[in-house]
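The values are calculated or read from the model by the stated rules, or taken from the named source; none is laboratory data. Given the structure is predicted, the values throughout are model-derived calculations rather than measurements. Reconstructed Cβ throughout: ideal geometry from the backbone, glycine too, with neighbour counts over all protein chains shown. For the accessible areas, the whole protein counts, side chains as well, though only heavy atoms, and no ligand, DNA or RNA atoms are used. Shrake-Rupley method; radii C 1.70, N 1.55, O 1.52, S 1.80 Å.
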Amino acid sequence: MKSFLIPLLFATTASFAQIATQATPVDKIKVAKGFKVELLYSVPKEQEGSWVSMTQDDQGRMLCSDQYGALYRITPPAIGGSPGETKVEKLSIDFGHCQGLLYHAGALYGVVNDDAYQGRGLYRCKDTNGDDQFDAVELLRSFPGKAGEHGPHGVVLGPDGQSLYVMCGNQTPEPSCETSRVPRHWAEDQLFPMILGRGFMRDVLAPGGWLAKTDLDGKKWELINTGTRNTYDIAINRNGDIFGFDADMEWDTGMPWYRPTRVCFMQSGGEFGWRTCSKKWPARWEDSLPAVVDIGPGSPTGVAFGYGAKFPSKYQDALYICDWSYGKMYAVHLNPNGAGYSGTTEEFMSASPLPLTDIEVSKKDGAMYVSVGGRKVQSGLYRVTYTGAEKSDRSDKLGSSDLAKVRESLEKEGASVQAAWPHLSSADRHLRFAARIALEHQPVASWKEKALSETNPRAALTALMALARSSGGDKSFQQLILAALNKIDFKSLMGLDRVTLIRDYMLTFTRLGEPDAATKAELIAKLNPLFPTNDTGLNRDLAELLVYLGDAGIVAKAAPLVNDSPTQEEQIDYARILRFAKTGWTKELRTDYFRWFLRAANYKGGASFDLFIGEIKQDALKTMTEEEKIAIKDVLDAKPEIKAPSFTTKPMNFVKAWTLADLEKSLGVGLEGNRNFQNGRNMFGAATCFACHRFNNEGGAVGPDLTSVAGKYSPRDLLEHILEPSKEISDQYGSTVFTKKDGSTVIGRIANMKENIMMVCTNMMDPNNFTNVDARDVVKTEESKVSMMPLGLMFMLKENDIFDLMSYLLSKGNPDDPMFVK
């Protein structure tokens, strides 16, 4: 059984300095069982640059673009032939700098992402005289904005063979598409001002990154969806559904608004909730769409389905996604799930470094071709083939569910109010979303009264969300929407419906302004008694809404959670929320609130972390009078003691050096119906598990997400991996020992690269602390035999605490699981 708790890259004792001058050798690359990797070509980067995009022509040749230069055409050897037979030629046309390439019907489409030629945009190259060389290039559509890595990216062919889809990052303003499947009333929709940190893209407002569709001549453009951060590439499955691999913001690591890289079903009319700095929307808000699967930290690049590959059917049907920084290609196994999709991931190919940029499955030989490069690092072209015993018969798996077919019908232009309305109450989130978007495309007057009088709670929540978003700022809507929301019985709602009720109140204020004093008082009286619930995300939304309304009573309830919440992110979020609370404070509550900042000084996160925390504190200070500041001057003037981070105010003392033998004898009885959910969650925080691992959309992201461990491990296996993290380290998560020419070593994971420099993260608990290693100085690499997960994290817990923690993990974060005392 492989340990899920720790990162591993690769094992080898071969010389490493050669990687500075040639692509990573195949003996350093791990690939799924039964597959073979060939290095076909190491790109001489001084002459041919660093390749970032790839497509194939009608003769099975690969066309690649240097990030900062020309186009190249590669004729691979036949399967079984020598890599030395690979033919590479520089194309004669003066064109390149493409982060997206597509060959179709004799033309080469390229997406330029800098100021070369006529600037950023979609171009088309043609061979006008039949000499097998492109000789004419035209700009089909220019894109506004500045050059940068968050600009225009991938271009793919639509299923009809007559359309193109173009993906752009959040540094590219939407280019005034002629039509839009996204209602054009997007907004920031946050109650409080953003926290800037280092302020990267602070001036970029919604809609953020976007996907658009156009014809083969680039004449008419239609906006498909918005709200992504920096999705580099997309792929389309057999159902015609689009998938992308969206980027995280590494500077946000450790903050409550951090979102890991994630695979998204790019639904028509979709909104994915990216907003700059602290304004990102949590996945629980229904005015955005959730991820199919979260991946973790990384740098997303090329994606492709395995259709046409001579692979076993499981791998033909997989979506392959590339992570440039950590050198990993994942096979994402997607399954239709209602009107949307669910998915699981498998590491398919990895090495360190292996700066993956693009993927093509050859229509000629059925092999997978993989390019590496970017940012002027060493580039190369690989080929992956299957040599195992499983059959590689063609797979035609997949089909639309009934719910998906309904969703597709609602996504068509002109879907009526009558057609959409029954699905506003659907149990399927993707179908509810599609029905709401269809509604928002219709004149508000045609459905306003129907929304205000709807009696089905879930349908009313969805319709009122649409009404607030479509109100056009008409203040007269506010009291009508509030009256309808006030009729909905919170206690009769379950799960996400409760979150949506609070979100609807928020939208009523973000879209229609601050309510009057009487309305505030009425809402405070209604909402304050609801806090707290057993849903941590809902609690934070409730607290934020009540602080916005000026509720003095929420301070006494929420302020203790700044210190008592088990996760760094939850503590920070309550500190963020309460920074604007002006009333309800006592001296003791103020003291404890500002004393928390002394603890937080030892917390770790991304490059903006300290600045984010500092801004929260400064905003809170602005709400205080001079007399209030003087009263707690000793705390405000205190300097933090630099030490290891502690996520609990309760003293943690050594209990026992627990072994598997100590605990397994009580394991069965210990998990039977008498466990404490909240204590399990608290212990997950006290043992610093949340510092590295995400669980149920909470916690850090430098370690693997543990939400699905219940489906992967028996209780005994789970306990063994926790107590003995170095016993067996998984291929997916681990560390590497880099030995340099002077005999010194650096142990960690490569997190970023530029030219010959590798940025190595040496401490999981401090993801922004990198050690720069020059690849030319490295003489040997080998896997670390010691897990990056510290030994002894359970030694401070009592036996009951350990079983509560395990029950929390095995329940998938569900407090209603039979393991817990009711």
Kirkwood Rh in Å, taken over the range 591-662 so that all alpha-carbon pairs contribute: 14.7 Å
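Just order 29-37, 500-508, 125-133 by mean Cβ neighbour count inside 10 Å, highest at the front, would you?
Details: 29-37: 16.6, 500-508: 24.2, 125-133: 12.3.
Per-residue Cβ counts within 10 Å, averaged per peptide and sorted highest first, yield 500-508, 29-37, 125-133.
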With the Cα gyration tensor of the range 618-696 in hand, convert its eigenvalues to equivalent ellipsoid semi-axes via √(5λ) and list them largest first in whole Å. 40, 16, 12
Whole-Å distance, taken between Cα centres, linking the range 568-582 and the range 113-174: 44 Å
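In the range 645-723, which trypsin sites (Lys or Arg not before Pro) fall in coil by DSSP and have 11 or fewer other Cβ atoms within 10 Å?
Working: sites: 656, 665, 675, 681, 694, 712, 716; in loops: 656, 665, 712.
Passing sites in the range 645-723 are 665.
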Please work out, to two decimal places, the log10 of the ratio I(q)/I(0) at q = 0.24, 0.25 Å⁻¹ from a Debye calculation in which every Cα of the range 142-192 carries one identical scatterer. -1.08, -1.11
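When the Kirkwood radius is taken over all Cα pairs of the range 292-415, what Stokes-Einstein diffusion coefficient follows at 37 °C and 0.692 mPa s, in µm²/s? Walk me through the intermediate numbers first.
On the way: Rh = 16.0 Å.
In µm²/s, the coefficient rounds to 206.
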The range 330-381: spread of alpha-carbon positions along the three principal axes, whole Å, largest first, is 43, 29, 17
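State, as an integer percentage, the relative contact order of the chain based on alpha-carbon contacts under 8 Å between residues 6 or more apart. Can you show the working numbers first?
Values: 1909 pairs, mean separation 116.2, N = 822.
RCO, the chain: 14 percent.
Which shape class applies to the range 500-601: rounded if a/c is under 1.5, otherwise prolate when a/b exceeds b/c and oblate if not, where a ≥ b ≥ c are the square roots of the Cα gyration tensor eigenvalues?
On the way: a/c = 2.01, a/b = 1.58, b/c = 1.27.
Verdict is prolate for the range 500-601.
How large is the Kirkwood hydrodynamic radius of the range 279-356, counting all unique pairs of alpha carbons, in Å?
On the way: mean 1/r = 0.0721 Å⁻¹.
One over the average 1/r among Cα pairs gives 13.9 Å for the range 279-356.
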In terms of the charge dipole of the chain, which places +1 on Lys and Arg and -1 on Asp and Glu at the beta carbon, the residue among 274, 710, 748 farthest towards the positive end is 710
Descending Cα extents along the principal axes, the range 765-821, whole Å: 58, 23, 19
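Run through the range 578-642 and list the GluC sites (Glu not before Pro) located in a DSSP loop whose Cβ has at most 12 other Cβ atoms within 10 Å. All intermediate terms of the calculation are to be shown ahead of the outcome.
Details: sites: 588, 615, 626, 627, 628, 641; in loops: 641.
Passing sites in the range 578-642 are 641.
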Centre separation in Å (Cα based) which lies between the range 358-380 and the range 420-439: 40 Å
For the range 593-712, with every protein chain kept in place, what is the accessible area per residue (1.4 Å probe, Å²)? 48 Å²
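Over all directions, what mean area does the Cα convex hull of the range 402-546 project, stated in square nanometres? Spell out each step's value before the answer.
Numbers: hull surface 34.1 nm².
Mean shadow area of the hull around the Cα atoms is 8.5 nm².
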Which residue, chosen from 410, 312, 493, occupies the Cα position most advanced towards the positive end of the dipole of the chain, where the dipole is computed from +1 (Lys, Arg) and -1 (Asp, Glu) charges on Cβ about the Cα centre? 493
Solvent-accessible area per residue, Å², over the range 126-268 with all protein chains present [probe radius 1.4 Å]: 35 Å²
Work the Kirkwood hydrodynamic radius out for the range 28-114: mean of 1/r over every pair of different alpha-carbon atoms, inverted, in Å. 14.0 Å
Expressed in angstrom and ordered largest first, the alpha-carbon extents of the range 74-169 along the principal axes are 45, 30, 30
Ignoring everything but the protein chains, give the 1.4 Å probe accessible area of residue 654 in square angstrom, nearest 10. 130 Å²
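For the range 121-223, report the translational diffusion coefficient in µm²/s to the nearest whole number, using Stokes-Einstein at 4 °C, 1.567 mPa s, and a Kirkwood Rh over Cα pairs.
Working: Rh = 15.7 Å.
For these conditions, the coefficient is 82 µm²/s.
Tell me, what is the Rg over Rh of the chain, with Rh the Kirkwood radius over Cα pairs?
Values: Rg = 27.3 Å, Rh = 28.2 Å.
Taking Rh as the inverse mean 1/r over Cα pairs, Rg/Rh reads 0.97.
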Per-residue counts of other Cβ atoms within 10 Å, averaged by peptide: what ranking do you get for 169-181, 571-583, 769-781, 291-303, highest first? 291-303, 571-583, 169-181, 769-781
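Please report the antiparallel percentage of DSSP beta bridges with both residues in the chain, rounded to the nearest 5. Please report the intermediate quantities before stating the final value.
Details: 118 of 123 bridges.
Antiparallel: roughly 95 percent of the beta bridges in the chain.
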Give me the accessible area per residue for the range 484-582, probe 1.4 Å, as a whole number in Å². 32 Å²
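Report the charge-dipole magnitude of the range 646-715 in Debye, nearest 20, computed about the Cα centre from +1 at each Lys and Arg Cβ and -1 at each Asp and Glu Cβ.
Numbers: 7 positive and 5 negative charges, 22 e Å.
Dipole size: approximately 100 debye.
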Quick one: what Rg and Dmax do you get for the range 582-624 from the alpha carbons, in Å? 11.5, 34
Using just the helices of the chain, give the 222 nm mean residue ellipticity in deg cm²/dmol: DSSP H runs with n ≥ 4 each add -39,500 (n - 2.57), and the total is spread over all residues, rounded to 500. -7500 deg cm²/dmol
Of the heavy-atom accessible surface of the chain (probe 1.4 angstrom), what whole percent is carbon and sulfur? 50 percent
Hydrodynamic calc, the range 190-282: Kirkwood Rh from Cα pairs, then Stokes-Einstein at 20 °C with viscosity 1.002 mPa s, so D in µm² s⁻¹ is 149 µm²/s
Separation of the range 230-285 and the range 24-51 by C-alpha centroid, Å? 29 Å
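How would 68, 307, 109, 326 rank on accessible area, largest to smallest, probe 1.4 Å? It would help to have the intermediate numbers written out before the result.
On the way: 68 100, 307 55, 109 5, 326 30 Å².
Order by accessible area, largest first: 68, 307, 326, 109.
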Of the candidates 106, 594, 359, the farthest towards the positive dipole end of the chain (Lys/Arg Cβ +1, Asp/Glu Cβ -1, centred on the Cα centre) is 594
